Amino acid sequence: MGTSASHLKARLEGLCARYDSAAALGKDPLSLVLGYTEPLDQEVAAFVAAHLAYGRVDPMVRAVGEVLRPLGPRPAAWLREGSEARIRKELNRALISWTWRFHTGPDLVAWLLAWKRLDQDSGQGLEAQLVPGPGEEHDAALSRLVQRLRRELPASYGTRFTLPDPLEGAACKRWRMFLRWMVRSGWPDLGLWKRLAPDQLIIPLDTHVARVSRFIGLTRRATPDGKMAREITESLRRLDPADPLRYDFALSHLGILGDCPGLRHRRTCAECALYSVCRAGSESAARILS
């Protein structure tokens, strides 16, 4: 194939040119978060939206909106000013029949009360909870927070699904998405947190990113787990050391929007920016980053 890393980078830039768009953002839960203007309100909305980001996108975005609606236009202030008893009572009433796949209304009530308690610890939202201590690896703080929430939140299937631990080998897709939104300052992300560096983020690994990454040689692994997420991120870091996750939105939306058929064919794939580096049903591109 004669493909170089510079050519792969150019193809990924072309993919960004197509998918880094308002139309694609409208099919992403981040679009709801961007509807708020205050940083802490965006954080609360992101804390909800990222952790419900699974399944079919249109009903998922509706489900996120239904959770955020009873919090009003200033969700952080609403949570900070209300007592736990009042918050629980009002949200239980508002979300009495709400479900989203593995999650129920009581799961989201507990999730929002967890944000309130974590915010009370620091007075500044969740950033301090996710900053590793001196000499710690990047995921130590995330693991510590996950373990705390496992102890404090009521046990349910939704809670277990929401709380994978990176130090147990999990890809932690929804936590990685939340961190990307909060840390990256490039489009479309919020860049609200300054104590974590974009070059240390790990890609939010979903089925679309895993599949396309295998097609274009970003990973040789077959199992979509924490090791695959790190391998893909390391490949992208070689292309953009300061901001490897700048390609994540485009890679995921190539699949989310149904534009990748999974089998390389000129009739269906020729317009894709990745066509010349894709090995789906064709020649391997595994040498690109070797």
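How many of the residues making up segment 51-64 are outside any loop (DSSP other than H, G, I, E, B) and surrounded by 16 or more Cβ atoms within 10 Å (Cβ to Cβ)?
Going through segment 51-64 one residue at a time, the tally reaches 6.
Check every one of the helices (runs of 4 or more DSSP H) wholly within segment 137-250 and list those with 2 or more residues that are surrounded by fewer than 18 Cβ atoms within 10 Å (Cβ to Cβ).
Helices (runs of 4 or more DSSP H) meeting the threshold: 140-152, 157-162, 207-215, 226-239.
Among the residues of segment 14-50, write down those that are in a helix (DSSP H, G or I), touching a Lys or Arg at 6+ places or on another chain (Cβ under 9 Å) and charged (D, E, K, R).
ASP41
Which one is surrounded by the most Cβ atoms within 10 Å (Cβ to Cβ) among residues in segment 114-125 that are out of contact with any strand residue (DSSP E or B) (no Cβ under 9 Å at 6 or more places or on another chain) and assigned to a helix (DSSP H, G or I)?
ALA114
LEU30 - would you say it is of a type in the set (A, V, I, L, M, F, W, C) and over 30 Å from GLN120 (Cβ atoms)?
Considered against the rule, which asks whether it is of a type in the set (A, V, I, L, M, F, W, C) and over 30 Å from GLN120 (Cβ atoms), LEU30 comes out as no.
Scan segment 265-278 for residues that are under 28 Å from the mean Cα position of the chain (by Cα) and farther than 19 Å from SER252 by Cβ and jot them down.
Within segment 265-278, SER276 is the sole residue that qualifies.
Looking at GLY82, GLY72, GLY65, which is the one that is free of Cβ contacts under 8 Å to residues at least 60 places away in the same chain, on the phi > 0 side of the Ramachandran plot and in contact with a helix residue (DSSP H, G or I) (Cβ under 8 Å, 6 or more places away or on another chain)?
GLY72
From (1) part of a helix (DSSP H, G or I); (2) loosely packed, with under 15 Cβ neighbours inside 10 Å; (3) among the acidic types (Asp, Glu), pick out the condition that doesn't hold for GLU90.
(2)
Collect the residues in segment 251-271 that are surrounded by 18 or more Cβ atoms within 10 Å (Cβ to Cβ) and of a type in the set (Gly, Ala, Ser), keeping them in residue-number order.
SER252
Kindly establish whether LEU190 is over 30 Å from GLN124 (Cβ atoms) and not hydroxyl-bearing (Ser, Thr, Tyr).
Criteria not met by LEU190.
Need the failing condition index for ALA128 against (1) more than 25 Å from the chain's Cα centre (by Cα); (2) in a helix (DSSP H, G or I); (3) of a type in the set (Gly, Ala, Ser), just the number.
Of the numbered conditions (1) more than 25 Å from the chain's Cα centre (by Cα); (2) in a helix (DSSP H, G or I); (3) of a type in the set (Gly, Ala, Ser), the odd one out for ALA128 is (1).
Residues being in contact (Cβ under 8 Å) with a residue 12 or more places away in the chain, over 17 Å from ILE202 (Cα atoms) and more than 14 Å from the chain's Cα centre (by Cα): count how many of those fall in segment 154-186.
Qualifying residue count for the region: 6.
In segment 93-113, how many residues are in a helix (DSSP H, G or I) and either of a type in the set (Gly, Ala, Ser) or within 25 Å of the chain's Cα centre (by Cα) (or both)?
10
Every read-out reported here was derived from the displayed coordinates using simple, explicitly stated rules and does not represent laboratory data. These figures come from a predicted structure and were not determined experimentally. Cβ coordinates were reconstructed from backbone atoms using ideal geometry, including for glycine residues, and neighbour counts include every protein chain displayed.
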